[in-house]
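Data block below; observations after.
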Amino acid sequence: MSLNHQATRFRCSWPWSTLVLTCDGRVVCGCADPYAQRVLGDARTHTLGDVWSGDTIRSLRTDLNRGGSTFCGDCPLKLPLADDAAPAPRPVDAGALPSRLYIECTAACNISCLEACCAPETGITRTRQAGMLDFDLFARVVEETGPSLARIDFFNYGEAFLHKRAVEMCEHIKQRFPHVYLYTSTNGLALTEARARQLVHSGIDEVTFSVDGAFPESYARYRQRGDFDVALRNLRAMADEKRRAGRDLPFINWRYILFQWNDSPEEMNHARALAEEIGIDRLTWEITDHPESAYSRRFAPGTREHAAIRREIWDDSNLGNAIPGATPRARIDLRRLVPGLPLMGRRGGRMRLRPRVKNLSTRPFPAHASYGRRLVRLGAQLRGADGSMTDRDHARAWLPSTLEPGQTSDIPIEIPLPDTPGRYQLTLDLVSEGIDWFEACGSPTTSTPLVVW
């Protein structure tokens with residue numbers, strides 16, 4: 001598997017963190033292998049621990065430490081290395097088990113997306129040796145890997161909820177290993193309203209509905225044989241059940257791929273209004289360059305229109321939101337007795353601040369949340385005098401209570417001072433725990449010089 005051609009040098013972190021279980025029981029590397037060409041092992045005959053420490057993946061890690069591998073073929077997950085950049089070697093032994101697992105219930109799909117590799121016409125299902133993932137195999141894999149996993153992505157190719165026991169699988173994962181962050185993506189069409197409501201109570205953490213249009217006609221141009229009204233009905237059922245039950249989970253996304261036929265201001269604004277009315281958590285746009293004849297030229301990267309919706313794009317950050325006012329924004333005022341002077345303190349000591357924070361968005365900042373994710377806290381980042389990051393998680397402070405839209409609150413925070421004297425910079429920002437810093441979606445931070453003697 002050695003690689004000699006300098007022009008194809010690349011890096012990849014997947015073999016150190018993640019495995020993908022396909023519906024037939026094989027284990028592949030990466031979630032971008034529709035035809036199962038990069039097989040690492042077989043969960044029907046081996047444990048995932050055997051696969052994770054086996055010769056194939058160890059050889060792959062060795063090659064990647066040298067700058068690439070022919071095993072990866074045309075995988076789009078590869079990250080190119082600059083000509084003058086050396087690969088950063090990591091241990092060939094990556095521990096006993098992965099920290100993340102994709103579970104593919106089926107490679108079959110109930111619709112045919114325009115020129116998509118997972119459309120039934122492409123023959124993707126003929127690369128799988130079974131139509132639906134065996135439940136006993138699923139349960140055995142989850143039992144083995146669950147204690148080590150931080151996250152399970154309950155989807156890959158195909159529509160997961162075509163599996164008759166898919167909701168039961170979600171329940172099984174969360175009952176056995178509630179610490180695992182469970183995420184799924186669906187077109188929403190294989191669910192019934194009753195199953196959508198049942199999924200809310202499964203314990204699943206996050207659900208993304210892929211609905212590419214705000215009207216039936218434009219939606220069906222890409223999601224061929226799809227039914228816009230059914231997708232919206234099940235999305236609405238989940239949001240309604242979550243609200244009725246008083247749950248903060250699952251976090252519900254609507255992801256909308258932009259094409260030439262659904263990217264008008266009128267249709268995008270209608271999607272915003274629908275998302276607000278249904279009561280979902282997040283609406284985002286997906287930017288693609290495929291199919292060649294269909295993708296949105298209006299919002300191509302580098303255009304003024306793309307820049308205008310940047311904070312509403314799925315891949316920009318984990319917090320951006322196309323629902324008006326829903327992207328989290330805050331103002332942080334650091335009030336001092338002598339404005340303009342740096343903060344000063346003795347090395348190794350502690351400093352107590354009481355900044356004033358105002359919620360500038362239309363959504364509350366929760367002070368508490370299930371499993372500790374998505375609650376909002378005030379964070380302090382320690383930087384060098386030149387602004388370079390020294391400690392991103394230098395200090396945290398709890399909100400006294402949920403900060404409602406437009407509300408202001410004083411939030412005490414205790415700052416440990418560095419042991420090394422010198423000039424520093426202290427940056428205050430809010431953080432949605434386990435998700436992202438507010439700065440990532442354009443919320444202003446507050447920074448001040450800090451002198452330690």
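The values are calculated or read from the model by the stated rules, or taken from the named source; none is laboratory data. Everything numeric in this text was worked out from a predicted model, so none of it was measured. Reconstructed Cβ throughout: ideal geometry from the backbone, glycine too, with neighbour counts over all protein chains shown. Heavy atoms of the whole protein, side chains included, go into the accessibility calculation; ligands, DNA and RNA do not. Shrake-Rupley method; radii C 1.70, N 1.55, O 1.52, S 1.80 Å.
Some points to look at:
- Residue in region 113-124 that is assigned to a loop (DSSP other than H, G, I, E, B), surrounded by 19 or more Cβ atoms within 10 Å (Cβ to Cβ) and either without any contact (Cβ under 8 Å) to a residue 40 or more places away in the chain or of a type in the set (Val, Ile, Thr) (or both) present: yes
- Filtering region 361-373 to residues that are in contact with a Pro (Cβ under 9 Å, 6 or more places away or on another chain), modelled with pLDDT of 95 or more and not small (Gly, Ala, Ser) leaves Thr362, Arg363, Pro364, Phe365.
- For region 157-182, residues that are outside any helix (DSSP H, G or I), buried (at least 20 other Cβ atoms within 10 Å of the Cβ) and touching an Asp or Glu at 6+ places or on another chain (Cβ under 9 Å) total 4.
- Residues of region 313-343 satisfying the condition of being among the hydrophobic types (A, V, I, L, M, F, W, C) and either under 20 Å from Ile411 (Cα atoms) or surrounded by 15 or more Cβ atoms within 10 Å (Cβ to Cβ) (or both): Ile313, Trp314, Leu319, Ala322, Ile323, Ala326, Ala330, Ile332, Leu334, Leu337, Val338, Leu343
- Note on region 156-193: residues that are touching a residue at least 40 places away in the same chain (Cβ under 8 Å) and over 25 Å from Cys113 (Cβ atoms) total 3.
- On inspection, Ser370 does not qualify as within 16 Å of Pro444 (Cα to Cα) and in contact (Cβ under 8 Å) with a residue 40 or more places away in the chain.
- The one condition in (1) open to solvent by 30 Å² or more (accessible area, probe 1.4 Å); (2) more than 30 Å from Asp136 (Cα to Cα); (3) within 25 Å of the chain's Cα centre (by Cα) that Cys12 fails to fulfil: (1)
- Of the criteria (1) closer than 23 Å to Glu143 by Cβ; (2) modelled with pLDDT under 95, which one Trp52 fails: (2)
- For region 194-217, the count of residues that are of a type in the set (Phe, Trp, Tyr), within 25 Å of Glu266 (Cα to Cα) and over 22 Å from the mean Cα position of the chain (by Cα) is at least one.
- Any hit, region 411-421, residues being part of a helix (DSSP H, G or I), out of contact with any helix residue (DSSP H, G or I) (no Cβ under 8 Å at 6 or more places or on another chain) and open to solvent by 10 Å² or more (accessible area, probe 1.4 Å): no
- So Asp33, is it of a type in the set (D, E, K, R), surrounded by 15 or more Cβ atoms within 10 Å (Cβ to Cβ) and assigned to a loop (DSSP other than H, G, I, E, B): yes
- Odd one out for Asp136 among (1) modelled with pLDDT under 95; (2) surrounded by fewer than 16 Cβ atoms within 10 Å (Cβ to Cβ): (1)
- Residues located in region 277-293, provided they are over 21 Å from the mean Cα position of the chain (by Cα) and surrounded by fewer than 16 Cβ atoms within 10 Å (Cβ to Cβ): Glu277, His290, Pro291, Glu292, Ser293
- Selected residue (only one of Glu292, Glu266, Glu277, Glu305 is farther than 18 Å from Cys441 by Cβ, outside any helix (DSSP H, G or I) and without any contact (Cβ under 8 Å) to a residue 12 or more places away in the chain): Glu292
- Put simply, of Pro405, Pro339 the only residue that is more than 16 Å from Pro449 (Cβ to Cβ), in a loop (DSSP other than H, G, I, E, B) and not small (Gly, Ala, Ser) is Pro405.
- Residue within region 139-154 that is open to solvent by 40 Å² or more (accessible area, probe 1.4 Å), acidic (Asp, Glu) and out of contact with any helix residue (DSSP H, G or I) (no Cβ under 9 Å at 6 or more places or on another chain) present: no
- Selection of region 36-49 for residues being at pLDDT 95 or above and either over 20 Å from Leu81 (Cβ atoms) or open to solvent by 20 Å² or more (accessible area, probe 1.4 Å) (or both) yields Val39, Leu40, Gly41, Asp42, Ala43, Arg44, Thr45, His46, Thr47, Leu48, Gly49.
- Hits in region 51-91 (condition: open to solvent by 40 Å² or more (accessible area, probe 1.4 Å), part of a loop (DSSP other than H, G, I, E, B) and more than 23 Å from Tyr157 (Cβ to Cβ)): Ser53, Ala82, Asp83, Asp84, Ala86, Ala88, Pro89, Arg90, Pro91
- Within region 308-324, if we keep just the residues that are part of a loop (DSSP other than H, G, I, E, B) and small (Gly, Ala, Ser), the residue that is modelled with the lowest pLDDT turns out to be Ser317.
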